[in-house]
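Just below is one structure, and these are the notes that go with it.
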Amino acid sequence: MTTLAIHNARVIDPKLGLDGLMDIVVVDGRIARIGPNEAEMVIEAERIDASGLTVTPGFVDLHCHLREPGFEQKETIATGTSAAAKGGFTTVCAMPNTDPPLDSQATAESVLHQIEQSALVRVLPIGCITRGRAGNELAPAAELVESGVVAISDDGDAVANTALMQAALSYSSLFALPVVQHAEDPALVANGQIHEGWVSTRLGLRGRPSSAEEILVARDIALAEVTGGHLHLAHISTSGSVALIAAAKDRGIHVTAEVTPHHLTLTHEIVAFDGQSPAIQYDTSAKVNPPLREHRDLEMLTEAVARGTVDAIATDHAPHSKSDKEIEFDLAAPGISMLETAFGLAMKRVHDGSLNLSTLIKTLTSGPVDSWSLERRTNTPGLGTLSPGSPADIAIIDPDLLWEVDTREFLSKGKNTPLDGRELKGKVLATLFNGEPVYVGSEMSSRLRLNYEGGR
């Protein structure tokens with residue numbers, strides 16, 4: 001029997017209604033006890049001094065890209081889950097835009113085998129909505145569910161065919177399976193590079209209008225209402241989408257939604273201006289789909305998180321190689337490497353008073369778990385919480401620590417981020433998965449009495 005005692009932490013667990021100074025005792029990888037002075041009752045244990053720090057359930061990411069199989073030059077399951085651990089994530093849902101795409105039982109089983117061999121944290125695969133993500137015919141959802149996928153999505157390719165999307169929602173409702181849509185009308189965003197607005201005009205780039213997202217959000221909400229299927233809207237980015245989702249939830253339609261840290265905190269201006277030089281730039285590291293929008297969108301998205309209209313903060317971690325980004329803007333791949341900076345970036349909205357810390361933690365833990373019923377799907381009671389008996393998936397954070405993003409220290413292969421060299425406030429210091437340390441930062445090493453030498 002192995003025992004770990006975490007002392008003197010501020011424990012925040014929104015699902016359990018906990019926010020206070022207490023200890024956590026872990027036995028054989030599961031939460032055994034939680035409460036004031038619990039660690040004092042343990043005689044023999046490995047120990048963590050969490051004085052002045054905050055302990056939360058390990059974060060859960062509904063949307064990331066691990067690139068394996070097929071694009072291992074960008075990321076692998078091993079490197080991506082190392083980055084996840086550094087970012088406080090103990091559960092990540094991997095998108096199916098791989099080669100081959102995850103559209104069959106055989107591919108799913110192959111990916112699950114690779115996950116078992118190399119993942120540092122829990123990886124839950126997402127299957128395709130359509131075969132080959134081509135948008136022509138449905139993939140076999142029943143087979144994919146049997147294989148263990150937790151949702152279906154065509155990821156960066158929206159299901160544009162209305163009849164096909166309706167069929168997907170109808171079919172998936174038989175399995176209570178979330179259908180995850182990248183809501184951008186392909187006809188309206190064709191060759192679009194950034195948000196359609198004054199920055200795109202200034203740079204001479206074709207824009208991706210907000211209406212392209214809102215049209216598909218409205219259509220798919222209508223389809224979810226007709227079919228009773230579970231529609232999940234990935235990385236929403238506009239104020240109009242927020243209004244549509246809020247109204248749908250008021251009508252009892254089964255729709256859930258996520259927002260990324262970058263869409264909560266960054267605007268399209270960062271593509272052209274770095275805030276340090278008046279010179280115009282074409283920053284491909286800030287190119288992402290859907291694009292970074294305007295300040296009013298950012299504020300409405302933040303309010304939606306505060307109200308619970310948005311269920312989860314997801315990273316949309318999209319690692320790319322240098323050659324994908326250091327080229328002409330219109331040829332550059334969209335996406336931001338986000339797992340290692342997600343918490344620090346999202347904390348901007350806590351430090352400016354727009355969100356409270358408990359709400360932020362909820363959208364990173366129990367919010368995503370509840371929205372996709374992941375406890376049931378994974379047969380993991382207590383996932384996303386610190387309840388006794390649950391897996392000891394734990395993030396140890398310092399909400400007030402100032403640190404500078406340095407992509408040279410990224411564990412992800414993807415160094416593509418507009419945050420390089422920028423200061424963030426709030427950092428993950430250590431992460432435990434099933435009670436075992438999978439990341440320990442230098443700031444924590446002196447506080448641990450463990451047999452662990454990792455971390456950077």
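Rundown of residues vs (1) polar (S, T, N, Q); (2) in contact (Cβ under 8 Å) with a residue 24 or more places away in the chain; (3) buried (at least 16 other Cβ atoms within 10 Å of the Cβ); (4) in a loop (DSSP other than H, G, I, E, B), yes/no style:
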{"residue": "144", "(1), (2), (3), (4)": "no, yes, yes, no"}
{"residue": "150", "(1), (2), (3), (4)": "no, yes, yes, yes"}
{"residue": "160", "(1), (2), (3), (4)": "no, yes, no, yes"}
{"residue": "165", "(1), (2), (3), (4)": "no, yes, yes, no"}
{"residue": "169", "(1), (2), (3), (4)": "no, yes, yes, no"}
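Looking at segment 54-80, which of the residues that are of a type in the set (A, V, I, L, M, F, W, C) and touching a Pro at 6+ places or on another chain (Cβ under 8 Å) is nearest to residue 103 (Cα to Cα)? Checked segment 54-80; the qualifying residue nearest to residue 103 (Cα to Cα) is 62. For segment 292-328, the set of residues classified as crowded, with 16+ Cβ neighbours inside 10 Å, over 28 Å from residue 254 (Cβ atoms) and not hydroxyl-bearing (Ser, Thr, Tyr) consists of 292, 294, 319, 320, 324, 325, listed by residue number. Candidates in segment 376-420 are the residues that are in a strand (DSSP E or B) and hydrophobic (A, V, I, L, M, F, W, C); of these, the one that is surrounded by the fewest Cβ atoms within 10 Å (Cβ to Cβ) is 402. In segment 248-275, the qualifying residues are those that are part of a helix (DSSP H, G or I) and among the hydrophobic types (A, V, I, L, M, F, W, C), and the one that is nearest to residue 298 (Cα to Cα) is 264.
The set of residues in segment 338-375 being under 20 Å from residue 417 (Cβ atoms), basic (Lys, Arg) and crowded, with 19+ Cβ neighbours inside 10 Å consists of 349 alone. Number of residues in segment 336-371 that are within 13 Å of the chain's Cα centre (by Cα) and outside any helix (DSSP H, G or I): the value is 7. Restricting attention to segment 194-211, which residues are free of Cβ contacts under 8 Å to residues at least 40 places away in the same chain and assigned to a helix (DSSP H, G or I)? Across segment 194-211, the qualifying residues are 198, 201, 211. Here is the figure for segment 278-293: residues that are at pLDDT below 95 and of a type outside the set (S, T, N, Q) total 3. Within segment 434-456, one or more residues are surrounded by fewer than 23 Cβ atoms within 10 Å (Cβ to Cβ), in a loop (DSSP other than H, G, I, E, B), at pLDDT below 95 and among the basic types (Lys, Arg).
The values are calculated or read from the model by the stated rules, or taken from the named source; none is laboratory data. As the structure is a computational prediction, the values presented were derived from the model and not from experiment. Ideal geometry is used to build each Cβ from the backbone, glycine not excepted, and the neighbour counts take in all protein chains shown.
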